[in-house]
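Engineer: Can you read through this structure? Questions will come right after.
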Amino acid sequence: MLLQFASECVSQIRGIDRCGYSADGVWAAEPTALACVALAAHGERTAALRLANQLADAQQTSGAVPANSEHDSPAWPTSLAILAWIAAGNDRFQENFERAIHWALTTQGRTAERHSQVGHDPTILGWSWAPETHAWMEPTTMFVIALKAAGLGDHVRTRQGVRLVTDRLLPTGGSNYGSTLVLGQPTLPQVQSTGLAVLALAGEANIDPRVELSLRYLEENLSPATTTASLCYGLLGLTGHGRRPPYAEALIAGVAERELHGKPSAYKLALLALASIPDLSWLPTRREVSPV
């Protein structure tokens, strides 16, 4: 049953010319990159190359890939474009890949001094949603995942990113947009952010007890009522730690049936196609490059 739903998701993605967050939305880099990775993971190389070319066309001379076709910034989806070009497995994207890596390694969120009313360490370097703003959890997780896939897992920026992700896990497990305290009050975890966080930490020899607590949080909070993106990222994170739940197939099938009967969203269909894979074989890898 799950293979059937995954195949239907891939088939619908293949038929979408311009990927957006919704069927009638503007072209956006994040769903395009995720769709490219999903298509490549399911053997649809020709369709994946078409989307990889769209990302290359959108790339700026700086190496950045803007979030959508209407604005030049922000460019946090550059991380996902890196993944897509690796997944496409074609030498024609070598220059795009190298310029994106250079941009990723030379771009950082703003740091700040530590403050008693802020629970996390704002001095750690990471990546931000928008230029000249504080580093946040989710964009940092995406760059950590992309740089590891690019063979730069030991690079100082990647290690800083891992440190930031770990630092911003909540004391009781899970994570949110990136702060553990606001005005001295603890914040609440979110499934999508937690899934991305533990996915970024997959393979790390991390003994911080909050990692285990975060995995338990995901195990206890995935249900048929969980929204599509959150469910998929939660499952991807658990799968990365060998904790894929036995009910994953039922959860994905239920959500996929709902999404396939509505207006097709390349973003959601791509995530479902990736979450349907029972391991991390969808995550592309490549030999280490020499940062410029």
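The values are calculated or read from the model by the stated rules, or taken from the named source; none is laboratory data. All values derive from a computational prediction rather than experimental measurement. Glycine gets a Cβ as well: all are built from the backbone with ideal geometry, and neighbour counts include every protein chain shown. Side chains are part of the model used for accessible areas, which takes the heavy atoms of the whole protein and leaves out ligands, DNA and RNA. Shrake-Rupley method; radii C 1.70, N 1.55, O 1.52, S 1.80 Å.
Engineer: Can you list which of the DSSP-assigned H helices in the chain have a Cα extent of 24 Å or more along the long axis and an average Kyte-Doolittle score of at least -1.0?
Structural biologist: Working: long enough: none.
Sorted by number, there is nothing, because no helix extends far enough and scores high enough.
Engineer: Let me ask something additional. How big is the charge dipole of the chain about its Cα centre, in debye rounded to the nearest 20, if each Lys and Arg gets +1 on its Cβ and each Asp and Glu gets -1 on its Cβ? Please report the intermediate quantities before stating the final value.
Structural biologist: Details: 22 positive and 27 negative charges, 44 e Å.
Once rounded to the nearest 20, the dipole reads 200 debye.
Engineer: Which of Phe97, Pro186, Thr78 sits closest to the plus end of the dipole of the chain, meaning its Cα is farthest towards the positive end, when Lys and Arg get +1 and Asp and Glu get -1 on the C-beta?
Structural biologist: Farthest towards the positive end: Phe97.
Engineer: Taking only the alpha-carbon positions of segment 173-292 and ignoring solvent, what does the Debye formula give for the base-10 log of I(q)/I(0) at q = 0.16, 0.18, 0.21, 0.23 Å⁻¹?
Structural biologist: -0.79, -0.94, -1.15, -1.29
Engineer: Modelled label-to-label distance, Trp27 and Gln185, 7 Å Cα→beta-carbon offset: nm?
Structural biologist: Each label point lies 7 Å from its Cα, and together they span 4.4 nm.
Engineer: What is the chain's relative contact order, in percent, from Cα pairs under 8 angstrom and six or more apart in sequence?
Structural biologist: Values: 578 pairs, mean separation 66.0, N = 292.
Relative contact order here is 23 percent.
Engineer: While we're looking at this one, here's another question. When the Kirkwood radius is taken over all Cα pairs of segment 191-250, what Stokes-Einstein diffusion coefficient follows at 4 °C and 1.567 mPa s, in µm²/s? Working shown, then result.
Structural biologist: On the way: Rh = 11.2 Å.
The calculation lands on 115 µm²/s.
Engineer: Let me ask you something else. Kindly provide the helix-only [θ] at 222 nm of the chain, computed as the sum of -39,500 (n - 2.57) over DSSP H runs of four or more divided by all residues, to the nearest 500 deg cm²/dmol?
Structural biologist: On the way: 12 runs with 148 residues, N = 292.
Computed mean residue ellipticity for the chain: -16000 deg cm²/dmol.
Engineer: Related question: In Å and from the alpha-carbon atoms only, list the Rg and Dmax of segment 83-231.
Structural biologist: According to the Cα coordinates of segment 83-231, Rg and Dmax are 15.9, 51 Å.
Engineer: Which value, in Å², gives the accessible area per residue of segment 127-240 when a 1.4 Å probe is used on the protein heavy atoms? Intermediate results must be reported in sequence, preceding the final value.
Structural biologist: Values: 4200 Å² over 114 residues.
Result: 37 Å² per residue.
Engineer: Report the net charge of residues surrounding Asn206, where surrounding means a beta-carbon distance below 13 angstrom and charges are Lys +1, Arg +1, Asp -1, Glu -1.
Structural biologist: Within the 13 Å Cβ shell, the charges total -1.
Engineer: Per the Cauchy relation, a quarter of the hull surface: what is the mean projected area of the convex hull of the alpha carbons in segment 1-61, in nm²? Write down the numbers at each step before the final one.
Structural biologist: Working: hull surface 17.1 nm².
Here the figure is 4.3 nm², rounded to one decimal.
Engineer: Which three semi-axes in whole Å describe the equivalent ellipsoid of the chain, each the square root of 5 times a Cα gyration tensor eigenvalue, listed largest first?
Structural biologist: Numbers: eigenvalues 149, 118, 56 Å².
Semi-axis lengths for the chain are 27, 24, 17 Å.
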